[in-house]
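Here, each number is a calculation from the coordinates, and none is a lab measurement. Just so you know, these numbers come straight off a predicted model, no measurement behind them. So basically every Cβ, Gly included, is an ideal-geometry build from the backbone, and we count neighbours across all protein chains shown.
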Amino acid sequence: MDKKAKARWLKRFHQWHWISSAVCLVSMILFSVTGITLNHAGAIAAEPVITERTLALPEPVSAALAGVDQGPLPARVRQWLERELPIDADAGEPEWSPSEVYLALPRAGGDAWLAIDRQRHEVLYEATDRGWIALLNDLHKGRDTGPVWRWFIDIFAAATLVFALTGLVLMSLHAKRRPATWPVTALGLVLPWLLIALFVH
């Protein structure tokens, strides 16, 4: 490769490297911090906050449930629930029984559910908030975050790979002037495997 071609590729890899690092910066900080909080989850105390509400079903909403024993909630029921409660009534598949309709509403950083008593015409709603650390941990894992966030994690992972691989190429291009490059890189490769072999059982 002649000097002009090498200079062009060097410029291109520098560009890809800084763009991918800029795109990944905030997310890398988030995922690094939550890696620590997940690793020490047992040592981080959290007091869940539980909210309960009991609502009476209006007669038209109760009538919309009559005779329904499978599938999604009727539209009138979903619309009423979403007006009265901070939920997405389409988020899950309800469980039907002759006396009750149960809807699980898992969410990042907590949990929620509601039960519709078909005989007493009441709704019992309970939400649990486990705090912002639990929220960030669930974002790290993609737990109950929805498809958009999971797509974001995939895109972020791809951008991080670009950042790492372009960094590797740039290291190789500068390695002659920096003799410690490959020993340090080899250490980063070997050290995790040594720790796994010696201490992970």
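For this structure, a couple of remarks:
- The chain: most fluctuating residue of ALA186, ALA157, ALA175 per GNM, C-alpha cutoff 10 Å: ALA186
- Taking the three principal axes of the alpha carbon atoms in the stretch 39-90, the coordinate ranges are 49, 22, 16 Å, sorted in descending order.
- Dividing the alpha-carbon radius of gyration of the stretch 49-130 by the rule-of-thumb value 2.2 N^0.38 Å gives 1.03.
- Sequence-distant aspartates and glutamates (8 or more away, or on other chains) whose Cα lies within less than 19 Å of LYS176: ASP2
- Sequence of THR51, THR145, THR128 once ranked by neighbouring C-beta atoms within 10 Å, starting from the fewest: THR51, THR128, THR145
- Counting Lys and Arg as +1 and Asp and Glu as -1 over every other residue whose Cβ lies under 12 Å from the Cβ of ALA63, the net charge comes to +1.
- Entry for the chain at q = 0.14 Å⁻¹: log10 I(q)/I(0) = -0.95, Debye formula applied to identical alpha-carbon scatterers, no solvent contribution.
- Relative contact order (%) - criterion: Cα under 8 Å, at least six apart; region: the stretch 49-130: 34
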